[in-house]
Amino acid sequence: MSTSNLGGQFTFPGTSFTVRRMGYGAMQLAGRDGNKLVWGPPRDIDGAIAVLREAVASGVNHIDTSDFYGPHITNQLIRRALHPYPENLVIVTKVSARRGEDGSWLPAMSPEELTQAVHDNLRNLGLDALDIVNLRSMFAVHGPAEGSLEEPLTTLAALREKGLIRHIGLSNVTRKQVEDGQKIVPIVCVQNSYNVANRADDPLIDELEKAGIAYVPFFPLGGFNPLQSSALSDVAQRLNATPMQVALAWLLHRSSNILLIPGTSSVEHLRENLAAAELTLSPEALKVLDQLASKTDAAQH
């Protein structure tokens, strides 16, 4: 049992959900089949269940998942490992994609598909209502792209009225989509790709912080291509930590509304990720890390 406070706490706006800022993302619990990532069951099902139980035993009370991980696999594992759920556990899921037979991620944003996805999540998680459902924009698969989310958000708002969803968030979205979305339904969180080296969302994070809305970076460690930087490694060495721990600690320092959901399928890795919440970054270290993004931008142009 860890005594860490896991980076302090955050309450989603307009909700009774207070979570520790260091959470857990379940995507990596699914297996892979050749080139199909996040597909099928994991090789070690008992190991996956152990990771989920260890996370909750360590104080994690924010788990991020989706029924299109696997598909269905991660939600079924969460249910098997943790149901009946602890009272303070907040499970956040996302909808609007489906998986092709080749493992591709396809848009599924029609009212029928979204309604089906909500029911699939409820069934596989063993819940009567979903705590928070993120609508993932699928106008482009690998990053935000403009387009109206009015129809899908209206569908989710209707499911919220019916009591199947408690709160709604957005994922893979632009600032305009967040602003437009808030006119349709209260948005409690935004989940976009962001990390110490890729910081296009800096202005959005600051706006959301003022509004008290959570910002949840996915790929906080670079995703399938882990962050690599000699500056990051140097800071880590001085702190006797791993580069990944430093990257997570930087995110916790970046803004009080940032919630982390690093994923892993190993208990050892999980402990390492959670320990990042204990790291203190000096002003000098923060200065070095803050400059990483401009170096990445320069390298890309």
SER16 vs (1) crowded, with 23+ Cβ neighbours inside 10 Å; (2) without any contact (Cβ under 8 Å) to a residue 12 or more places away in the chain; (3) of a type in the set (Ser, Thr, Tyr): all pass except (1)
The one condition in (1) open to solvent by less than 30 Å² (accessible area, probe 1.4 Å); (2) at pLDDT 95 or above; (3) part of a loop (DSSP other than H, G, I, E, B) that SER4 fails to fulfil: (2)
Filtering the stretch 211-241 down to residues that are part of a loop (DSSP other than H, G, I, E, B), aliphatic (A, V, I, L, M), modelled with pLDDT of 95 or more and in contact with a strand residue (DSSP E or B) (Cβ under 7 Å, 6 or more places away or on another chain) yields ILE213, VAL216
Can you tell me which condition LYS36 does not meet? The list is (1) buried (at least 16 other Cβ atoms within 10 Å of the Cβ); (2) over 15 Å from GLY263 (Cα atoms); (3) within 18 Å of the chain's Cα centre (by Cα); (4) not aromatic (Phe, Trp, Tyr), and all the others hold. (3)
Tally, over the stretch 90-115, of residues that are of a type in the set (A, V, I, L, M, F, W, C) and surrounded by fewer than 18 Cβ atoms within 10 Å (Cβ to Cβ): 2
Select from the stretch 51-95 the residues that are of a type in the set (S, T, N, Q), more than 18 Å from ASP120 (Cα to Cα) and either in a helix (DSSP H, G or I) or in contact with a Pro (Cβ under 8 Å, 6 or more places away or on another chain) (or both) and list them in ascending order. ASN61
Exactly one of these conditions fails for ALA48: (1) of a type in the set (Gly, Ala, Ser); (2) in a loop (DSSP other than H, G, I, E, B); (3) in contact with a Ser or Thr (Cβ under 7 Å, 6 or more places away or on another chain). Give me its number. (2)
How many of the residues in the stretch 54-69 are more than 12 Å from LEU6 (Cβ to Cβ), of a type outside the set (Gly, Ala, Ser) and crowded, with 21+ Cβ neighbours inside 10 Å? 6
Would you check which residues across the stretch 118-131 are open to solvent by 20 Å² or more (accessible area, probe 1.4 Å) and either under 26 Å from ARG32 (Cβ atoms) or of a type in the set (Phe, Trp, Tyr) (or both) and list them? ASP120, ARG123, GLY126
Matching residues in the stretch 232-252 - criterion: being buried (at least 18 other Cβ atoms within 10 Å of the Cβ) and polar (S, T, N, Q): THR242, GLN245
Need the failing condition index for ASP131 against (1) in a helix (DSSP H, G or I); (2) in contact with a Ser or Thr (Cβ under 9 Å, 6 or more places away or on another chain), just the number. (1)
Which one of these does ASP131 not meet: (1) touching a strand residue (DSSP E or B) at 6+ places or on another chain (Cβ under 7 Å); (2) within 27 Å of GLU268 (Cβ to Cβ); (3) acidic (Asp, Glu)? (2)
Limited to the stretch 103-125, what total is found for residues that are within 21 Å of ASP64 (Cβ to Cβ) and part of a loop (DSSP other than H, G, I, E, B)? 3
Quick check: anything in the stretch 153-164 assigned to a strand (DSSP E or B) and modelled with pLDDT of 95 or more? no
Candidates SER137, SER148, SER171, SER193 - the one that is surrounded by fewer than 22 Cβ atoms within 10 Å (Cβ to Cβ) and in contact (Cβ under 8 Å) with a residue 40 or more places away in the chain: SER193
Any idea how many residues of the stretch 253-276 are open to solvent by less than 20 Å² (accessible area, probe 1.4 Å) and outside any loop (DSSP other than H, G, I, E, B)? 6
Hey, could you check the stretch 169-210 for residues that are at pLDDT 95 or above, of a type in the set (A, V, I, L, M) and in a loop (DSSP other than H, G, I, E, B) and say which is farthest from LEU286 (Cα to Cα)? VAL185
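The values are calculated or read from the model by the stated rules, or taken from the named source; none is laboratory data. The shown structure was predicted, so the numbers you read here are calculated from the model rather than taken from an experiment. Backbone-built Cβ (ideal geometry, glycine too); neighbour counts: all protein chains shown. Calculation scope for accessible area: heavy atoms of the full protein, side chains included, ligands and nucleic acids excluded. Shrake-Rupley method; radii C 1.70, N 1.55, O 1.52, S 1.80 Å.
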